[in-house]
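Peer 1: The structure's right below; bear with me while I get my questions together.
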Amino acid sequence: MKEKTEDHALMDKIVSLCKRRGLVFQGSEIYGGLAGTWDYGPYGAELAHNVEELWRKHFIRERDDVFAVQSATLMPEAVWKASGHLSGFTDPMVECKKCHHRFRADQLSDKKKCPDCGGELGEEKVFNLLLPVALGSVEGKSNMAYLRGEIAQGMFVNFKNILDTMRPELPFGLAQIGRAYRNEIAPRDFLFRVREFDLMEFEYFVREADWQKYFEMWRIEMWRWIERVGIEKDKIHELEVAPADRAHYSKRTIDFEFDYPFGRKELYGLAYRTDYDLKKHSAESGAEMSYFDEVKKEKFIPHVIEPTFGHGRTMFAVLLSAYREDEMNGEKRVYLKLKPEIAPVKVAVFPLLKNKPELVKKAREVYAVLKKEIGAVEWDDNGNIGKRYRRQDEIGTPQCVTVDFETLEKDDVTIRDRDSGEQERVKVKELVAKLK
Ligand code: ATP
């Protein structure tokens, strides 16, 4: 019981830190908020971007077998008919007869009684999660499109284009980062269950005989990513998804679950999608989706391994993993122990006193050099040094540089480390190398 209370307190602390420090705001907040939408403020947007960049680096740029694509978020009905999402992308829904709140039936312990008002729950219905959009000026079946419920289809519909233009050899992957939309019945739990979110994922095309080998290869690679982005490994648990619970296209799925404050739930997924999607698109569109092996003179439709990474859930797990409270110099403080690679601000520069022009001038010079060499550098001359440190700690800035009177004499500055609070004097001319 105690643990549960602490976990819920942690959730509240994260949400309020995110709001207070401009990381995450409720979507359309001034109009009462739109459920299932969140907006990133300046530091949140930087953090989000850095997570994406790191993912791109890890899974695309540091490899030579994965190609990036960026596909449209609107796709015609035919795509979703072929993929099976028009009929199969559903959740069971129940509605309370009294307060009319809706719930996912599979997430209720008591399917008869409303958890909000205690009223009687109605019949279970099948609810499709795709968000329809009527395109053009005339609404009609022929113009029906959907905001994509998963980004994978953008890779499948471009499979032939990539074969024709890049001539890749198996195995190879198509990766993208982009928005997906789901008409979730009950969005909740901050960034965990929302109605629009970014996904980072790739389809890795292999010969059927090799699927187990590559499934295992990506399973291990996913763990390397988890460590690299700074998610606590001991809060991650693999779950072998039972056949009845797998998506309609999957023959094997492992969920990477995370211990959120509200329980152990999915963070990432790894699925063996077989040749299901390419075959379906070939049949529905009439397009040739085969790969031709020049050496063996064989033509076949490749099979697919799909590692999927929810971007919002990554942000959430990173924040939960990084959140720390301790005491420093007799004062309580909150800090985010973010990996420097993803921290929104890498270095903050302070003049010791803002009303001493000679200090401000020197600090501005140091700031200009760091800004050019490191980029994400912030200037702060507001309040006393202790307050400035605490502000930077809260957004996870790994290092702060202070220019003081000694700097004017000896041309050195103080670097202060976020996690230990330790301070070190470093010559200005060695500063960039030291910080990098
Ligand atoms: P869940 O069981 O939690 O609804 P799912 O099995 O439907 O998830 P997938 O279809 O496998 O999820 O989606 C791929 C990834 O997208 C998930 O691993 C998760 O990181 C992310 N994701 C899915 N739905 C949402 C959502 N509503 N809000 C935020 N992220 C989501």
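The values are calculated or read from the model by the stated rules, or taken from the named source; none is laboratory data. What you see is a predicted model; the values in this text were computed from it and never measured. Quick reminder, even Gly has a Cβ in these numbers, built from the backbone with ideal geometry, and neighbours come from all protein chains shown. The area values use the complete protein model at the heavy-atom level, side chains included, leaving out ligands, DNA and RNA. Shrake-Rupley method; radii C 1.70, N 1.55, O 1.52, S 1.80 Å.
Peer 1: Please pick out the residue among Phe192, Phe159, Phe215 that is open to solvent by less than 50 Å² (accessible area, probe 1.4 Å) and either modelled with pLDDT under 95 or within 15 Å of the chain's Cα centre (by Cα) (or both).
Peer 2: On the way: Phe159 fails: either modelled with pLDDT under 95 or within 15 Å of the chain's Cα centre (by Cα) (or both); Phe215 fails: either modelled with pLDDT under 95 or within 15 Å of the chain's Cα centre (by Cα) (or both).
On inspection, the qualifying residue turns out to be Phe192.
Peer 1: Mind listing whichever residues of segment 281-303 are surrounded by 14 or more Cβ atoms within 10 Å (Cβ to Cβ), free of Cβ contacts under 8 Å to residues at least 60 places away in the same chain and not hydroxyl-bearing (Ser, Thr, Tyr)?
Peer 2: Selection gives Ile301 alone.
Peer 1: While we're on this one: Taking the conditions exactly as written (in contact with a Lys or Arg (Cβ under 9 Å, 6 or more places away or on another chain) and more than 30 Å from Cys114 (Cα to Cα)), does Val229 satisfy them or not?
Peer 2: yes
Peer 1: Another one. Does any residue in segment 337-356 that is in contact (Cβ under 8 Å) with a residue 24 or more places away in the chain come within less than 7 Å, Cβ to Cβ, of a residue that is in a loop (DSSP other than H, G, I, E, B) and hydrophobic (A, V, I, L, M, F, W, C) six or more places away or on a different chain, and which pairs are these?
Peer 2: Going by the 7 Å Cβ cut-off, the qualifying pairs are Pro344/Ala376; Pro344/Ile395; Val345/Ala376; Val345/Ile395; Lys346/Ala376.
Peer 1: Among the candidates Ala145, Ala152, Ala247, single out the residue that is in the same structural domain as Tyr260 (by TED's automatic domain parsing), surrounded by 13 or more Cβ atoms within 10 Å (Cβ to Cβ), within 12 Å of the ligand (Cβ to nearest atom) and more than 20 Å from the chain's Cα centre (by Cα).
Peer 2: Ala247 is the lone residue from the list that is in the same structural domain as Tyr260 (by TED's automatic domain parsing), surrounded by 13 or more Cβ atoms within 10 Å (Cβ to Cβ), within 12 Å of the ligand (Cβ to nearest atom) and more than 20 Å from the chain's Cα centre (by Cα).
Peer 1: Hey, another quick one. Contact list please: Cβ distance under 8 Å, first residue in segment 187-200 and touching a residue at least 60 places away in the same chain (Cβ under 8 Å), second residue among the acidic types (Asp, Glu) and within 7 Å of the ligand (Cβ to nearest atom), pairs at least six apart or on different chains.
Peer 2: Correct list of pairs: Arg193/Glu184; Val194/Glu184; Arg195/Glu184; Leu199/Glu150.
Peer 1: Given the options Arg179, Arg167, Arg207, name the one that is at positive phi and more than 10 Å from the ligand (Cβ to nearest atom).
Peer 2: Of Arg179, Arg167, Arg207, the one residue that is at positive phi and more than 10 Å from the ligand (Cβ to nearest atom) is Arg167.
Peer 1: Also, quick follow-up: Answer with yes or no whether Lys160 is in contact with a strand residue (DSSP E or B) (Cβ under 9 Å, 6 or more places away or on another chain) and among the basic types (Lys, Arg).
Peer 2: No, not satisfied.
Peer 1: While we're here: Quickly run through segment 70-90 and pick out the residues that are buried (at least 19 other Cβ atoms within 10 Å of the Cβ), outside any loop (DSSP other than H, G, I, E, B) and out of contact with any helix residue (DSSP H, G or I) (no Cβ under 7 Å at 6 or more places or on another chain).
Peer 2: Within segment 70-90, His85 is the sole residue that qualifies.
Peer 1: List pairs: first in segment 418-436 and more than 25 Å from Glu394 (Cα to Cα) and in the same structural domain as Gly386 (by TED's automatic domain parsing), second part of a helix (DSSP H, G or I) and aliphatic (A, V, I, L, M), Cβ under 9 Å, 6+ apart or cross-chain?
Peer 2: Val428/Val366; Val428/Val369
Peer 1: So which residues in segment 338-383 are among the acidic types (Asp, Glu) and open to solvent by less than 50 Å² (accessible area, probe 1.4 Å)?
Peer 2: Glu378, Asp380, Asp381
Peer 1: Determine which single condition Arg179 fails, assuming it passes every other condition in (1) touching a helix residue (DSSP H, G or I) at 6+ places or on another chain (Cβ under 6 Å); (2) closer than 24 Å to Ala72 by Cα; (3) surrounded by fewer than 17 Cβ atoms within 10 Å (Cβ to Cβ).
Peer 2: For Arg179, the exception is condition (1).
Peer 1: Where in segment 258-367 are there strands (runs of 3 or more DSSP E), lying wholly inside it, with at least 2 residues that are within 16 Å of the ligand (Cβ to nearest atom) and of a type in the set (Ser, Thr, Tyr)?
Peer 2: 263-274
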